[in-house]
Structure formats: C-alpha cells, structure tokens
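**Student:** Pasting in a structure now, in structure tokens, and then I'll have a few things to ask.
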Amino acid sequence: MRLSGKRALVIGGGGGGIGRATTEALGNEGASVLVADLDPDRAAAAAAAVRSAGGTAYPVSGDVRSAADVDAMIAAAVQRLGGLDVLVTVVGGQVAFVPAVKLHEMADEDWDTIYEVNLRYVARAVRAALRVFLDQGTGGTIVSVGSVTGFMAAPEQAAYGVMKAGLLSLARTVAAEYARDGIRMNIAAAGAIATAVANAGDGTEVVEEIPVGRLGRSEEVAQAVVYLGSDAAAYVTGQQLVLDGGVSVRGPFQ
Ligand SMILES: NC(=O)c1ccc[n+]([C@@H]2O[C@H](COP(=O)([O-])OP(=O)(O)OC[C@H]3O[C@@H](n4cnc5c(N)ncnc54)[C@H](O)[C@@H]3O)[C@@H](O)[C@H]2O)c1
C-alpha cells in the first residue's frame with residue numbers, strides 16, 4: 001500500500017478512461033479518494049469501484065472550465081477527506097473538444113477551449129493545492145496526466161501540444177519553488193492509450209508505429225501516477241515520465 005493514509009483528489013475526468021483507472025489504483029494503494037468528473041454518474045461509478053474493492057472514495061461533479069468549480073472541488077477534498085496530500089489532474093485532449101485542423105485554420109474560440117480544458121484549470125488547481133499543502137505544513141504531491149504531444153509535434157492538434165508542453169513548465173516551476181516545502185509535481189506523459197477517445201479512430205492505424213506493438217492501457221498510466229504521487233518518488237520532481245511503448249525514441253529506420 002504505497003499511499004496508505006494519503007488523501008487524494010482526482011480532479012476532472014476521474015470517471016473516464018485513464019482517470020477511472022487512476023482513481024481505482026489510488027484507492028487500491030490505500031489512499032482515500034475524492035473523484036471529480038463532469039459526469040456525476042461516472043464519478044459515482046469510479047467511487048463505487050474503489051469502495052467495492054475495500055477502499056475509501058467519494059464522488060463529486062464539477063466542470064474544470066469553471067474557476068468556481070475548480071476551487072470548490074479542492075475545497076470539497078479538504079472537507080471530505082480531512083485534508084489533501086495528492087492532487088491528480090486528468091482532463092485534457094483536443095479531438096474530444098474541438099475539431100482537429102491545421103494551425104492556420106484554427107478558430108480563436110477553439111484555441112481558448114483547448115487552453116481551458118488542458119492547462120488553465122491545472123494551473124488554478126495547482127495553485128489552490130499549493131495553498132492547502134503550505135497551510136497543512138506536511139508537503140504534498142501533484143501529478144498531471146500529460147501527453148507525448150507536449151514534446152512531439154501532433155499535426156492538426158497544435159493547441160493540444162502547446163498546452164501539454166505547458167504542464168511540464170508548470171511542474172518545473174513547482175519543483176524549483178516548493179521542493180523545500182516537501183511539495184513535488186511531475187507529469188505522466190501518455191502515448192496512445194486504449195480509451196474511448198483514442199478508440200474513436202480505433203487505434204489500429206497507430207499500432208504499427210508503436211515499438212511495443214499495442215496501445216497502452218489506462219492502468220499502465222495509473223501505475224505511473226501512483227508511483228509519482230508516492231514517497232517512492234520522493235527524489236523526483238519537475239519531471240515527466242513517458243508511457244508511450246517506445247514511440248518517442250524510435251527513429252525513422254527499419
Ligand atoms: N487516451 C489517450 O490515448 C491519451 C493519450 C495521451 C494523453 N491522454 C490524456 O489523458 C487524459 C484523459 O484522457 P482519456 O482518454 O482517459 O479521456 P476520456 O474521454 O476517456 O475521459 C475523460 C473524462 O473527463 C470527463 N470530462 C470531460 N470534460 C470535463 C470537464 N470540462 N470537467 C470535468 N470533467 C470532464 C469526462 O466526463 C470523462 O469521464 C487527458 O489529459 C488526455 O490528454 C490520453
């Protein structure tokens with residue numbers, strides 16, 4: 001139980017593919033979890049899964065695009081769990097929110113949407129969590145689910161890549177400013193993971209490009225989140241752990 005006694009908030013998307021697996025993994029490792037999702041049924045189902053495995057979890061619904069909701073979800077975690085030790089941010093993407101188009105065709109409002117659902121809320125949640133961690137005086141950890149698009153070009157998803165790159169910048173700043181307070185932030189950067197979103201195009205066309213030869217599993221990203229959120233990673237901060245089956249290290253050779 002790597003997170004025994006820890007209090008964790010999975011903010012946004014806690015009931016989705018990677019978020020659901022993360023919520024369950026945190027619960028299985030002994031953390032008490034507040035799981036937040038836009039869809040109350042998904043949040044409830046994720047919390048129920050943790051409880052049926054013998055863990056402790058509560059659902060909450062909220063929209064990460066709303067600043068008030070983000071603040072309320074952090075406050076709810078503190079109130080419900082009696083404090084906060086681990087913040088996990090999950091929601092993100094491009095094609096689930098706006099059309100994929102080349103950069104010169106991208107509309108202002110779509111750029112703003114991608115900022116709102118990938119980066120703006122993370123910065124707000126991190127700021128709120130930092131205040132809680134500093135008040136508690138017991139440190140804390142933050143893990144954000146990122147993407148290889150943060151460091152590899154994603155054609156027709158420029159805004160998504162820019163926002164995911166921003167997560168690592170945020171983690172580096174948290175590392176530099178708060179390490180002495182016992183606060184760490186890292187990124188779990190996923191490649192192609194078999195979730196509803198990735199499977200919209202069923203994923204088979206990308207498998208050939210993946211050295212491991214398959215899509216990743218949400219549980220594999222969840223395990224990285226658990227590691228980065230736990231004391232096993234006490235000397236790791238401002239980093240991103242890449243979970244991509246080798247995609248980003250493969251050259252264009254046979
Ligand atoms: N699936 C992949 O291949 C892949 C690859 C790299 C990175 N990622 C990243 O993983 C994260 C999760 O992706 P996923 O594929 O598990 O997504 P998903 O679509 O399976 O789940 C998304 C969840 O977020 C919730 N949600 C949507 N909008 C919300 C909002 N405004 N406020 C709160 N909750 C909201 C949905 O209800 C859903 O439960 C994202 O950050 C994504 O960028 C995914």
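The values are calculated or read from the model by the stated rules, or taken from the named source; none is laboratory data. Bear in mind the structure is a predicted one, so any value in this text is a computation, not a measurement. A quick note on method: Cβ atoms are made from the backbone with ideal geometry, for glycine too, and the neighbour counts reach across all protein chains shown. Keep in mind that these areas ignore ligands, DNA and RNA; they rest on the heavy atoms of the full protein, side chains included. Shrake-Rupley method; radii C 1.70, N 1.55, O 1.52, S 1.80 Å.
**Student:** Using amide H atoms built in the peptide plane, which far-off residues or other-chain residues are under 5 Å from Met185 H to H?
**Tutor:** The list, which skips near neighbours in sequence, is Ile142, Ala175, Gly238.
**Student:** To continue, here is another question. Only loop residues by DSSP count here, and only those with at most 10 other Cβ atoms within 10 Å; note down the GluC sites (Glu not before Pro) in segment 170-254 that meet that.
**Tutor:** Glu208
**Student:** May I pose another question? Determine the sum of side-chain charges near Thr138: Lys and Arg each +1, Asp and Glu each -1, restricted to other residues whose C-beta is under 11 angstrom from that of Thr138.
**Tutor:** Details: positive: Lys6, Arg7; negative: Asp85, Asp135, Asp181.
That sum, taken over residues with Cβ under 11 Å, equals -1.
**Student:** Take the alpha-carbon positions of the chain, form their convex hull, and give its projected area averaged over all directions (one quarter of the hull surface) in nm².
**Tutor:** Working: hull surface 53.4 nm².
Mean projected area for the chain: 13.4 nm², to one decimal.
**Student:** How compact is segment 65-202 by the rule of thumb for globular proteins, expressed as Cα Rg over 2.2 N^0.38 Å?
**Tutor:** The reported ratio for this selection is 1.11.
**Student:** Give the accessible surface of the chain per residue, rounded to a whole number of Å², with probe radius 1.4 Å and ligands, DNA and RNA excluded. Kindly include the intermediate steps, with their values, before the conclusion.
**Tutor:** On the way: 11710 Å² over 254 residues.
Result: 46 Å² per residue.
**Student:** How high is the relative contact order of segment 47-197, given as a whole-number percent (alpha carbon pairs under 8 Å, six or more residues apart)? All intermediate terms of the calculation are to be shown ahead of the outcome.
**Tutor:** Working: 199 pairs, mean separation 36.3, N = 151.
Result for segment 47-197 is 24 percent.
**Student:** Also, quick follow-up: Looking at the chain as a GNM with Cα springs under 10 Å, which of Arg51, Arg131, Arg80 has the largest mean-square fluctuation?
**Tutor:** With Cα springs under 10 Å in the chain, the top fluctuation among Arg51, Arg131, Arg80 is at Arg131.
**Student:** Going 7 Å from the Cα of Ala68 toward and past its Cβ, which residues in segment 27-60 have a backbone nitrogen under 15 Å from where you end up?
**Tutor:** So the set is empty, nothing qualifies.
**Student:** What distance in nm separates the simple spin-label points at Arg180 and Asp135, each placed 7 Å from Cα in the Cβ direction?
**Tutor:** Label at Arg180, label at Asp135, 2.4 nm between them.
**Student:** Pop a pseudo-label 7 angstrom from the Cα along the beta-carbon direction at both Thr56 and Ala194 and give the gap in nm to one decimal.
**Tutor:** Each label point lies 7 Å from its Cα, and together they span 3.4 nm.
**Student:** Which percent of the accessible heavy-atom area of segment 115-157 goes to carbon and sulfur, probe 1.4 angstrom?
**Tutor:** Numbers: 920 of 1780 Å².
So the carbon and sulfur contribution to the accessible surface is 51 percent.
**Student:** Please give me, ordered by residue number, the GluC sites (Glu not before Pro) of segment 94-166 that lie in loop per DSSP and have at most 16 other Cβ atoms within 10 Å.
**Tutor:** Details: sites: Glu105, Glu109, Glu116, Glu156; in loops: Glu156.
Taking segment 94-166 and a limit of 16 other Cβ atoms within 10 Å, the loop GluC sites (Glu not before Pro) found are Glu156.
**Student:** How many nm is it between the label spots at Ala165 and Ala75, if each spot is 7 Å from the Cα in line with the beta carbon?
**Tutor:** Result: 3.6 nm between the two label points.
**Student:** On to the next question. Can you tell me, using C-alpha contacts under 8 Å and at least 6 residues apart, the relative contact order of the chain as a whole percent?
**Tutor:** 19 percent
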